[in-house]
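Derivation of every value follows stated rules applied to the coordinates shown; laboratory data play no part. Computed from a predicted model, the values in this text were never measured in an experiment. Ideal geometry is used to build each Cβ from the backbone, glycine not excepted, and the neighbour counts take in all protein chains shown.
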There are 2 protein chains.
Amino acid sequence: MQPDQQFLRIPGPTPVPPSVQRAMNQPMIGHRDQETKDLLHRIKPKLKPVFGTEQDVLIIAGSGTAGLETAVVNAVHPGDEVLVIVTGAFGDRFVQICNEHQIETHRFDIEWGEAVKPELIADYLRQHTGIKAVFATFCETSTGVLNPVKELADVIHKQSDTLFIVDGVSAIGGADVKMDDWGIDILITGSQKAMMLPPGLTFAVVSERAWQVIETNDRPSFYFNLTKYRKQLENDATPFTPAVSLLFGLKQVLALFEEEGLDTVFARHERMKNMTRAAFRALNIPLLTTDQAASPTVTAVRPDDFDPDALRNELKKEFNMTVAGGQQHLKGHIFRIGHMGYCSPADILQVIGIIEVALNKIGKTVKLGTGVGAAQEMMLSGGI
Amino acid sequence: MQPDQQFLRIPGPTPVPPSVQRAMNQPMIGHRDQETKDLLHRIKPKLKPVFGTEQDVLIIAGSGTAGLETAVVNAVHPGDEVLVIVTGAFGDRFVQICNEHQIETHRFDIEWGEAVKPELIADYLRQHTGIKAVFATFCETSTGVLNPVKELADVIHKQSDTLFIVDGVSAIGGADVKMDDWGIDILITGSQKAMMLPPGLTFAVVSERAWQVIETNDRPSFYFNLTKYRKQLENDATPFTPAVSLLFGLKQVLALFEEEGLDTVFARHERMKNMTRAAFRALNIPLLTTDQAASPTVTAVRPDDFDPDALRNELKKEFNMTVAGGQQHLKGHIFRIGHMGYCSPADILQVIGIIEVALNKIGKTVKLGTGVGAAQEMMLSGGI
């Protein structure tokens, strides 16, 4: 390993593109000065297509969890009944936030590693007619599952006036989403995943229907008050001090999205997913999820004949390469490779190449080049 | 290809480590202020082991060619007889510089792709006793040959008081050198190769014997006057404005060398060479040089059934990966991969993986994963 070289392949924070890093190095500006207004004015229209919406995308200084809590406290009143679909650690987090706010929470657990089946939610909502909001996780980062958000929206809106609130944290920017067309009511993400920024920003988009609910909620929180963010953003401003450097970076991220083309961005993520999965299949190392449930941004691998944490330690120690482990009951059973944001097929070849070497070093003999070859084959076939 | 991602794998300029880039971003300081003196004071002792010398390493703002011309104009007088060993484009450059200065130049040409045999030089010097200096290229960047500088020094100093002047531009920092022990009289390098900096600095080290000659040369050049640099550096200063940002970066480069350990740095370069060569051997694609003549910092490949420039174009267009082509009569016949400085075995796996894909795309069918597997095998065997 060479000092100063590291390979960050966890599902966020992700590497930041050099031009974004440079953009963030600009001299500080006053957060009430015209420069900041100009910055927000330029960012506003370019954020919308990333979320598939015509609504303004509200920008809040805070982590992804701040965004999730913002959604909860604005859209739901204490005592309201809600349904939380839990497909992993981040669905679980929505439950914890709802509990914190004395919300009547129905918890719908799905086996970790599987995606939710929309018909199950349709049934549940038919049997529980008082539910005001359904919470789901788009990409469940802890398992690498992409839940069928479009189909969920269909069944939810068929049944009731229930709001549909989606955690898009490790999906938005890497997976296509059509918030308006699909009928998502609140969509949240963070900056440090497929949005290619350091952590520190959370984004919230709200449908017209959700605004009507939020407007009846007169004191959701002082800081997490979405109405304040909406009102200020109409004038290219924020209610509280924005994270200015991250806005400098965001402007450049949006320029990069525009240069590559969003469709190409999403296709690149699909390709990286397919390459990663093909590699582990060729190596006969089991994947946690099915192809159908797999996220384009993160892949969970569930080995049956070696210790994933031994592999992770070897990768870190010998190559300064970081991949993620399992969370909660999957700890010690899986490892997860992030392939989102500033990451390309060439990086996947490198990750797989190094993992093959590291596996042999920890005593799991694999034929060198096998996984890489399968990933290369997937690149060449051009099929995404 | 993702915007903002590029793979620079030419034999210099090479990628700059992030911590070096950050170091160079420090606010400017006055070049006659104490801060600059402190900087040079810290740099001075740490540069010496990189060149294998107890002499001060003189730092001149200029390119590698500026360093070569500095060596010529200081150590040789117009009308003196010198011998230039030409093993490629950079040996040829020494000849051009000598011609420019009306020096009586003997040119000793070696087939490009081969290293010089020291006994040939011994013979030549026995037959031409008036030669005051011999010029050689340590790593001939245009062919990926590492000339046997130690053995050359032995035969040169056995025969005469001839000075031995070495262009170390793509070697120093990547290949071990013992200037004092081997008896090199002037050793030159540039900043943008294995020294991990942007272009803009050239380094010159001078033996006691060479200083005696230089001191008789009262007007070598106003700017390229080594005596001025020596005198000023004794007081931690430079005769002319130094390239201050590059000095900030150099201090950090030397910290990285210290952290990794110079022996490990050199071993890493050997390993990258061996990986690269093993990969092309496994792919049945001919290398330009023999193992014995091969440089640890750059590998030249001479394909016999595809156009190297078609491969280079494909790499650039599809993957934003740059490898070098051939120079002069090797143009269109070879391509060259730089593996020096901020480059690791993981990067070699990536380069080879991408080249295999690109080869298939340009119609040269290779079995995917073959070259990568051979390179991985070389990593695993641990043998450098």
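Per residue of the range A:226-237, in order, report the coupling 6.51 cos²θ - 1.76 cosθ + 1.60 (Karplus, θ = phi - 60°) as ³J(HN,Hα) in whole Hz, putting x for Gly and Pro.
So the Karplus estimates, Gly and Pro as x, are 4, 4, 4, 5, 4, 4, 5, 5, 4, 9, 6, 9 Hz.
Mark the label point 7 Å from the Cα of A:Gln6 along Cα→Cβ and return the residues of the range A:175-195 whose backbone N is within less than 20 Å of it.
Taking a point 7 Å out along Cα→Cβ of A:Gln6, the residues of the range A:175-195 whose backbone N falls under 20 Å are A:191-195.
Run the numbers for B:Lys158 and B:His329: contour at 0.36 nm per residue of separation, minus the present Cα-Cα distance, in nm.
Details: separation 171, 0.36 × 171 = 61.56 nm, distance 3.48 nm.
Separation in residues times 0.36 nm, less the Cα-Cα distance, equals 58.1 nm.
Please pull out the direction-averaged projected area of the protein assembly as shown, using the convex hull of its alpha-carbon atoms, in nm² to one decimal place. Working shown, then result.
Values: hull surface 137.9 nm².
Spelled out: convex hull of the Cα atoms, projected over all directions, averaged, 34.5 nm².
Mind listing which GluC sites (Glu not before Pro) in the range B:211-306 are in a DSSP loop and have 12 or fewer other Cβ atoms within 10 Å?
B:Glu215
In the range A:95-200, which GluC sites (Glu not before Pro) fall in coil by DSSP and have 14 or fewer other Cβ atoms within 10 Å?
For GluC sites (Glu not before Pro) across the range A:95-200 that sit outside H, G, I, E and B with at most 14 neighbouring Cβ atoms in 10 Å, the list reads A:Glu111.
Amide H of B:His77: which non-local residues (sequence gap of 5 or more, or other chain) have their own amide H closer than 5 Å, using H built in the peptide plane?
So B:His77 has HN proximity to no qualifying residue.
What does the charge count near B:Gly382 come to, summing +1 for each Lys or Arg and -1 for each Asp or Glu among other residues with Cβ under 13 Å from its Cβ?
So the surrounding residues net to 0.
Which ³J(HN,Hα) values, rounded to whole Hz and listed in residue order, are derived for the range A:99-112 from phi using the Karplus coefficients 6.51, -1.76 and 1.60 in 6.51 cos²θ - 1.76 cosθ + 1.60 with θ = phi - 60°, glycine and proline given as x?
4, 4, 9, 6, 9, 6, 10, 8, 10, 10, 8, 10, 3, 4
Given B:Val244, A:Gly338, B:Val213, which one lies farthest toward the positive end of the charge dipole of the protein assembly as shown, if we put +1 on the Cβ of every Lys and Arg and -1 on the Cβ of every Asp and Glu?
Checked the options; the winner is B:Val244.
Within the set A:Lys44/A:Lys273; A:Lys317/B:Lys367; A:Lys37/B:Lys317; A:Lys367/B:Lys331; A:Lys117/A:Lys331; A:Lys158/A:Lys178, which residue pairs have Cα atoms separated by over 27 Å?
A:Lys44/A:Lys273; A:Lys317/B:Lys367; A:Lys37/B:Lys317; A:Lys367/B:Lys331, as the Cα separations exceed 27 Å there.
Nothing charged except the Cβ atoms of Lys and Arg (+1) and of Asp and Glu (-1): what's the magnitude of the dipole of the protein assembly as shown about its Cα centre? Round to the nearest 20 debye.
160 debye
Mind checking the angle between helix B:149-159 and chain B's longest principal axis? C-alpha axes, 0 to 90 degrees, to the nearest 10.
40 degrees
How big is D for the range B:100-204, in µm² s⁻¹ as a whole number, if Stokes-Einstein is applied with the Kirkwood radius of its Cα pairs at 4 °C and 1.567 mPa s? Working shown, then result.
On the way: Rh = 14.5 Å.
The diffusion coefficient I find is 90 µm²/s.
Do the sum for chain A: with -39,500 (n - 2.57) for every DSSP H run of n ≥ 4, divided by all residues, what is the mean residue ellipticity at 222 nm, to the nearest 500 deg cm²/dmol?
It comes out at -14000 deg cm²/dmol, rounded to the nearest 500.
Compute the whole-percent fraction of alpha carbon pairs in the range A:139-272 spaced more than 23 Å apart.
Looking at the range A:139-272, the distances longer than 23 Å represent 41 percent of pairs.
Please report the antiparallel percentage of the DSSP beta bridges confined to the range A:18-258, to the nearest 5.
Of the beta bridges lying entirely in the range A:18-258, close to 35 percent run antiparallel.
Using bins 5 angstrom wide from zero, how does P(r) for the range A:18-258 break down, in % of all Cα pairs?
1, 7, 15, 19, 20, 16, 11, 7, 3, 1, 0, 0
Would you mind counting up the charge near A:Leu58? Only other residues with Cβ under 13 Å from its Cβ, with Lys and Arg at +1 and Asp and Glu at -1.
+2
With an 8 Å Cα cut-off and a minimum separation of 6 or more residues, compute the relative contact order for chain A in percent.
The normalised contact order for chain A reaches 23 percent.
Name the residue farthest towards the positive end of the dipole of the range B:231-280 from the options B:Phe280, B:Leu254, B:Phe266, assuming +1 on Cβ of Lys and Arg, -1 on Cβ of Asp and Glu, about the Cα centre.
B:Phe280
Distance between Cα centroids, the range A:202-226 to the range B:1-69: provide it in whole Å.
Using only Cα atoms to place each centre, the spacing works out to 53 Å.
State whether the range B:324-377 is rounded, prolate or oblate according to the following rule on the C-alpha gyration tensor (a ≥ b ≥ c being the square roots of its eigenvalues): a/c under 1.5 gives rounded; otherwise a/b larger than b/c gives prolate, and the remaining case gives oblate.
oblate
Given points 7 Å out from each Cα along the Cα-Cβ axis, report the A:Arg22 to A:Glu258 separation in nanometres with one decimal.
If labels sit at A:Arg22 and A:Glu258, their model points lie 1.7 nm apart.
According to a simple spin-label model (label point 7 Å from Cα along Cα-to-Cβ), what is the distance in nm between B:Glu81 and B:Leu380?
5.8 nm
Below 8 Å between Cα atoms, with a sequence gap of 6+, how large is the relative contact order for the range A:189-317 in percent?
Relative contact order for the range A:189-317 comes out at 16 percent.
A:His106's amide H: which non-local residues (gap 5+, or another chain) put their own amide H closer than 5 Å, with H modeled 1.01 Å from N in plane and none for Pro or chain starts?
Under 5 Å from the amide H of A:His106 lie the amide H atoms of A:Val82, A:Leu83, A:Val84, each far enough along the sequence or on another chain.
Under the 0.36 nm per residue contour assumption, what length would be gained going from the current alpha-carbon distance of B:Glu318 and B:His41 to full extension?
Between B:Glu318 and B:His41, full extension yields 95.1 nm more.
With only alpha-carbon atoms in the gyration tensor, what are the semi-axes of the equivalent ellipsoid for the range B:25-73, in Å, largest first? Kindly include the intermediate steps, with their values, before the conclusion.
Details: eigenvalues 102, 55, 18 Å².
Here the semi-axes work out to 23, 17, 9 Å.
Rounded to two decimals, what is Rg over Rh for the range A:247-331 when you use alpha-carbon atoms and the Kirkwood radius?
On the way: Rg = 16.2 Å, Rh = 15.2 Å.
Answer for the range A:247-331: 1.07.
Antiparallel as a % of all DSSP beta bridges within the protein assembly as shown, to the nearest 5?
50 percent
For chain B, with a Gaussian network of springs between Cα atoms less than 10 Å apart, report the residue from B:Val155, B:Val169, B:Val50 with the top mean-square fluctuation.
Ranking B:Val155, B:Val169, B:Val50 by mean-square fluctuation puts B:Val155 first.
Compute the acute angle (0 to 90°) between the alpha-carbon long axis of helix A:370-381 and the principal axis of greatest extent of the alpha-carbon atoms of chain A; round to the nearest 10°.
60 degrees
Using θ = phi - 60° and the Karplus relation 6.51 cos²θ - 1.76 cosθ + 1.60, list the HN-Hα couplings for the range B:332-346 in order, rounded to whole Hz, with x at every Gly or Pro.
After applying 6.51 cos²θ - 1.76 cosθ + 1.60, I find x, 10, 9, 10, 10, 10, x, 9, 9, x, 7, 7, 9, x, 4 Hz.
Whose amide H sits under 5 Å from the amide H of A:Leu287, counting only residues 5 or more places off or on another chain, with H placed in the peptide plane?
Hits under the 5 Å cutoff: A:Arg302.
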